[in-house]
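I have placed the structure first, in the form of C-alpha cells, so that the comments after it can refer back to it.
The values are calculated or read from the model by the stated rules, or taken from the named source; none is laboratory data. Keep in mind the model is a prediction, meaning the values are calculated, not measured. Glycine also receives a Cβ, built like all others from the backbone with ideal geometry; neighbour counts cover every protein chain displayed. Note: areas computed on protein heavy atoms with side chains; ligands, DNA, RNA excluded. Shrake-Rupley method; radii C 1.70, N 1.55, O 1.52, S 1.80 Å.
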Amino acid sequence: MKRTLFAVALVMTLSLSAAAQHKTPALSHRRAGNPAAELQDVKESPNPSVPSLCNPCLFYGGDLNPSDNNAAGFSDENTLLIVGGGSTYGEVNIPAGTTVTVKGILFNVQADAAFDPMTASYDIRTGVSEGNGGTSIASGSVNISVSATGRNFLGVNEYSLLTVFPSITLTSGDYWMNVTPNCTNTLDGSCSVFRQFVSNTTQRTNALHESWQPAHEMFLNSAFFGFTWANWCDSSLGLNQTQCGFLSFGVLGGVQ
C-alpha cells in the first residue's frame, strides 16, 4: 500500500536534517517549483546528441533541463540511508515489427552521495502496471561506468551511469527498465547522509527515438518508502503531468 507522506517536494536541507537526527527520510522525490503544467508533444529530435556512454545508442529519452520549473528527480538509490533502496523504472516500447538486441542501460542520476562501490543493479521487466511488478526477464548486479553530464539541479550534480550486461533480444512490445546505483560502503560517510535521484526530461532535448517512450509510465518500487509499483503520476505524489511525463535514460544496442 502506498503511504501519502511523500506528496511534498524534496528540499535538500530537509533530507540532510532528517539524516542528522537519525529519522527516516520522508520524501522520495525532488522537484522544481511548477505546481501544474500540461504535457506538450515533442517532435523527434533531428540531430540528437546522446550521452557519450550510450554507444551504440538504441534509445535515449532526452536531457534534464535544470532551469525548467518542471524539472524533477525520482528516488533511485540503495544506500546506508535508504536501506533496501528505491527504484524508479522507465518504459520503452519497441515498435511493431521490430526486434532489437539490448546490451546495456544508462540512467542520468542526480547524486550528492558517492557511487561506492562502483556497482549497480539492473532490471528489465514486462507487464508492469499500478501495484504490479510484472515479470523480470533480465536482471543482475554489475560494475558501472560513470560520466558527469555537466548539469546541476538544485545544487546537486548529475551523472550518466552505465550498466553493461549479456545481450538480450527483445521483440516488439512494452519493457520497463531500471538501473539502481549503490552506496553501501560503511567507511564512506556520504552513504549514510545523502540521496540519489534519476532525472526526468521535459523538452526531451537530444532524444533518440523518443517516441519509443510512452508518457506517464514511470513506476517507483520501494519497500523503504512503502510504495509497491506506484505510478509517479498518481495524484497522491503531488507531481504535475509534465514532471512525471518522461524519464532521462538510454538503452544500448541495435536493431536486428
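Would you mind classifying the range 75-114 by shape? Square roots of the alpha carbon gyration tensor eigenvalues, ordered a ≥ b ≥ c; an a/c under 1.5 is rounded, otherwise it is prolate if a/b is larger than b/c and oblate if not.
Taking the square roots of the gyration eigenvalues as a ≥ b ≥ c, the range 75-114 is prolate.
Taking the centroid of alpha carbons for each part, the range 50-99 and the range 166-213 are 4 Å apart. Please compute the net charge surrounding Glu217, taking Lys and Arg as +1 and Asp and Glu as -1 over other residues with Cβ under 9 Å from its Cβ. With Lys, Arg at +1 and Asp, Glu at -1, the net is -2. Surface analysis of the range 152-196 yields an accessible area of 38 Å² per residue, using protein heavy atoms and a 1.4 Å probe.
For the range 56-167, with all protein chains present and a 1.4 Å probe, just round the carbon and sulfur fraction of the accessible area to a whole percent.
Numbers: 1790 of 3770 Å².
Exposed carbon and sulfur together represent 48 percent of the surface.
Ignoring ligands, DNA and RNA, what percent of the 1.4 Å accessible area of the range 187-256 is carbon and sulfur? Carbon and sulfur atoms account for 56 percent of the accessible area of the range 187-256.
By its C-alpha gyration tensor, with a ≥ b ≥ c as the square roots of the eigenvalues, how is the range 55-122 shaped: rounded for a/c under 1.5, else prolate for a/b larger than b/c, else oblate? Oblate, because a/c is 1.5 or more while a/b does not exceed b/c. Taking all Cα-Cα distances within the range 124-212, those exceeding 17 Å account for 66%.
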